[in-house]
Amino acid sequence: MIIVNGMCYADNFEKVLKIISVTALYDYKLKVTFSTGETKVCNFKPMLKYPAFKHLKNVELFNKCYIDKDFGVVCWDDNTDIASEYLYENGYLV
């Protein structure tokens, strides 16, 4: 059992992977710094084939990525975000 901020958790407690900074790069890549201190570049282009992300083919919109301060994930608009775990697992260290 682990107690964090007055909340009791059973089992193992894993830290949530959050994004500290994000920069849109050329050709639908994202440069992301994580709460682990690591910086990775993730090729987002393969995700553009999915309906949830198709509208991000608009480069101007893609380049407007930002971090949701509450959840620490990359967002583009009120309806579009991507899990920090996806970016971490599919990125390469820089």
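Of all residues in region 67-79, which are surrounded by 14 or more Cβ atoms within 10 Å (Cβ to Cβ) and not in a loop (DSSP other than H, G, I, E, B)?
Those that are surrounded by 14 or more Cβ atoms within 10 Å (Cβ to Cβ) and not in a loop (DSSP other than H, G, I, E, B): Ile67, Val73, Val74, Cys75, Trp76.
Condition first: without any contact (Cβ under 8 Å) to a residue 40 or more places away in the chain, out of contact with any helix residue (DSSP H, G or I) (no Cβ under 9 Å at 6 or more places or on another chain) and of a type in the set (Val, Ile, Thr). Can you find one or more residues in region 63-72 that meet it?
Within region 63-72, not a single residue is without any contact (Cβ under 8 Å) to a residue 40 or more places away in the chain, out of contact with any helix residue (DSSP H, G or I) (no Cβ under 9 Å at 6 or more places or on another chain) and of a type in the set (Val, Ile, Thr).
Conditions (1) surrounded by 14 or more Cβ atoms within 10 Å (Cβ to Cβ); (2) at pLDDT 95 or above; (3) out of contact with any helix residue (DSSP H, G or I) (no Cβ under 6 Å at 6 or more places or on another chain); (4) not in a loop (DSSP other than H, G, I, E, B), marked per residue:
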| position | (1), (2), (3), (4) |
| --- | --- |
| Ser21 | no, yes, yes, yes |
| Thr33 | yes, yes, yes, yes |
| Cys42 | yes, yes, no, yes |
| Pro46 | no, yes, yes, yes |
| Ala52 | no, yes, yes, no |
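The values are calculated or read from the model by the stated rules, or taken from the named source; none is laboratory data. These figures come from a predicted structure and were not determined experimentally. Note that each Cβ is placed from the backbone with ideal geometry, even for glycine, and that neighbours are counted across all protein chains shown.
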